[in-house]
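Here is the structure we will look at, set down as structure tokens.
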Amino acid sequence: MALERTLSIIKPDAVAKNVIGEIESRFEKAGLRIVAMKMVQLSQEKAEGFYAEHKERPFFKDLVEFMTSGPVVVQVLEGENAILANRDLMGATNPKEADAGTIRADFADSIDANAVHGSDSAASAEREVSYFFSDEEICAR
Ligand code: RTP
Ligand code: MG
């Protein structure tokens, strides 16, 4: 088992629904610790840079528009196998395909407005954490 850090975002739809606390509670109950967090309104440039890997995909424009449609909570989760643990808690990208009891099954409305983001690999976690947080902003235990 490895102690990992992963980048999590509570997306504009979930912030608008006022379920930040309920989502955080799932991370905490699963043993993940929040070691950095901030609420921000993403600029178009910041959102485009974050999702740069999807630049050529047909849904890119809608994705950036959605991610800039309201404030988001950006945070670093730490724990044993945090990257995969967070993905398991999130559920499938399309909430219609997400397992019962996952965050997306319970709080997401559509594949676009799907409540949360989570890094999908060690390499993306490293890139994404440093995209939003400096070392000084991460509070190690
Ligand atoms: P995320 O990056 O937000 O955690 O989501 P993910 O890994 O589960 O999915 P990914 O393939 O990275 O896609 C990023 C976001 O783009 C939107 N999407 N739309 N219409 C579509 O076919 C489609 N595919 C992806 C979703 O909002 C997804 O979260
Ligand atoms: Mg992804």
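The values are calculated or read from the model by the stated rules, or taken from the named source; none is laboratory data. These numbers were taken from a predicted model, which means no experiment stands behind them. Here Cβ is always computed from backbone atoms with ideal geometry, including for glycine, and neighbour counts include all displayed protein chains.
One line per residue, one yes/no per condition, for (1) away from ligand 1 (no atom under 11 Å from the Cβ); (2) of a type in the set (Val, Ile, Thr); (3) more than 14 Å from Ala14 (Cα to Cα):
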position	(1), (2), (3)
Met67	no, no, no
Ala100	yes, no, yes
Ala113	no, no, no
Val116	no, yes, no
Glu128	no, no, yes
Ser134	yes, no, yes
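Would you check if there is a residue in segment 133-141 being modelled with pLDDT of 95 or more, touching a helix residue (DSSP H, G or I) at 6+ places or on another chain (Cβ under 9 Å) and not in a loop (DSSP other than H, G, I, E, B)?
no
Evaluate the following for Ala92: is it of a type outside the set (D, E, K, R) and touching a residue at least 12 places away in the same chain (Cβ under 8 Å)?
yes
Within segment 1-30, count every residue that is assigned to a strand (DSSP E or B) and not acidic (Asp, Glu).
Qualifying residue count for the region: 7.
Output the residues belonging to segment 1-13 that are within 11 Å of the chain's Cα centre (by Cα) and of a type in the set (A, V, I, L, M).
Across segment 1-13, the qualifying residues are Leu7, Ile9, Ile10.
When you scan segment 41-58, do you find a residue that is surrounded by 12 or more Cβ atoms within 10 Å (Cβ to Cβ), over 16 Å from Ser124 (Cβ atoms) and touching a residue at least 40 places away in the same chain (Cβ under 8 Å), even just one?
No: zero hits.
With respect to the numbered conditions (1) in a helix (DSSP H, G or I); (2) among the charged types (D, E, K, R); (3) within 15 Å of ligand 1 (Cβ to nearest atom), which one is the sole condition not fulfilled by Glu56?
(1)
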